[in-house]
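All remarks here apply to the structure that follows.
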Amino acid sequence: MQYTSLIFPILLLAVFYFLVIRPQQKKNKQINEMRNSLKVGDEITTIGGIYGKVLKIKEDVVTVEVGADKFKMNITKWAIGTVVNNDDK
């Protein structure tokens, strides 16, 4: 009889895990793989909305060329939101 009162909270935790936690872990894994597979020449969008082209990659810092005047800026890898494919243009 004591165990029947534990069934509902355990089921609630299991549902919460499969609907919220697990999908978020998968998404984080995909984002980390994308950031680790960056290469020079990739066109990216930062999480702040800046479009640019990767010029140099060092550990956690990426040098990006931005705009028509080819302004160079250093950003951290975690600030990269997406890699823009050339097919998307």
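The values are calculated or read from the model by the stated rules, or taken from the named source; none is laboratory data. This structure is a prediction, so every number in the text was calculated from the model and none was measured. Note that each Cβ is placed from the backbone with ideal geometry, even for glycine, and that neighbours are counted across all protein chains shown.
Here VAL40, VAL64, VAL20, VAL15 are screened, and the one residue that is outside any helix (DSSP H, G or I) and either outside the structural domain of TRP78 (by TED's automatic domain parsing) or exposed (fewer than 15 other Cβ atoms within 10 Å of the Cβ) (or both) is VAL40.
Scanning the range 67-81 for residues that are part of a strand (DSSP E or B) and surrounded by fewer than 15 Cβ atoms within 10 Å (Cβ to Cβ) gives PHE71, LYS72, MET73, ASN74, THR76.
Filter the range 46-62 down to the residues that are of a type outside the set (Val, Ile, Thr) and out of contact with any helix residue (DSSP H, G or I) (no Cβ under 8 Å at 6 or more places or on another chain) and list them by number. Once the filter is applied, which keeps residues that are of a type outside the set (Val, Ile, Thr) and out of contact with any helix residue (DSSP H, G or I) (no Cβ under 8 Å at 6 or more places or on another chain), the range 46-62 yields GLY49, TYR51, GLY52, LYS53, LEU55, LYS56, LYS58, GLU59.
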